[in-house]
Amino acid sequence: HYPLRRQRQMCIRDSLYGDSKKTVPELAKSNNFYDLIFIDGGHSYEDAYQDIINSKKISNKKTLIIVDDIEKTLNQQFEHNIGPTNAWNKLVEMKFINETDYIKFAPSRGMTLGEYNFDFDDSKIIL
């Protein structure tokens with residue numbers, strides 16, 4: 001069971017818990033940039049999409065972004081992975097992110113790795 005399943009959370013450096021719609025923009029004000037960002041938060045399309053986009057504000061060209069709950073096999077997509085999967089795929093399709101790897105742990109369980117495309121025109125993103 002996942003006790004924080006209904007809460008959106010992100011792990012950045014140490015551990016940052018809370019509503020990522022608020023915590024990541026606040027963190028961005030510090031002008032700190034991170035080499036690794038692991039997103040395992042809300043499972044809706046909107047939550048995952050916004051988490052991935054907001055995290056670019058605390059990234060640099062060397063940042064590795066990992067998004068949990070990604071499933072590439074259509075018949076293994078369920079409530080916990082369809083939102084993050086579709087958000088990730090949309091942003092890869094738009095070339096906002098460059099996918100570098102996909103790791104599948106078990107049926108309906110996987111994660112993707114990638115990096116932000118800093119040549120992408122961020123004004124094309126709609127939140």
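The values are calculated or read from the model by the stated rules, or taken from the named source; none is laboratory data. All values derive from a computational prediction rather than experimental measurement. Virtual Cβ from ideal backbone geometry, glycine too; neighbours counted across all protein chains shown. Areas reflect the complete protein model, heavy atoms only, side chains present, ligands, DNA and RNA absent. Shrake-Rupley method; radii C 1.70, N 1.55, O 1.52, S 1.80 Å.
Here are some notes:
- Net charge of neighbours whose Cβ lies under 11 Å from the Cβ of E26, counting Lys and Arg as +1 and Asp and Glu as -1: +3
- Carbon plus sulfur fraction of accessible area for the chain, probe 1.4 Å, in percent: 52
- Largest first, the residues L127, L36 sort by 1.4 Å accessible area into L127, L36.
- Computed with a 1.4 Å probe over protein heavy atoms only, the accessible surface of the chain comes to 59 Å² per residue.
- The equivalent ellipsoid that matches the C-alpha gyration tensor of segment 35-94 spans semi-axes of 21, 11, 10 angstrom, in descending order.
- Lysines with Cα under 22 Å of K21, excluding same-chain neighbours fewer than 8 positions away: K29, K56, K57, K90, K124
- Gyration tensor over alpha-carbon atoms, the chain, equivalent ellipsoid semi-axes in Å: 21, 17, 13
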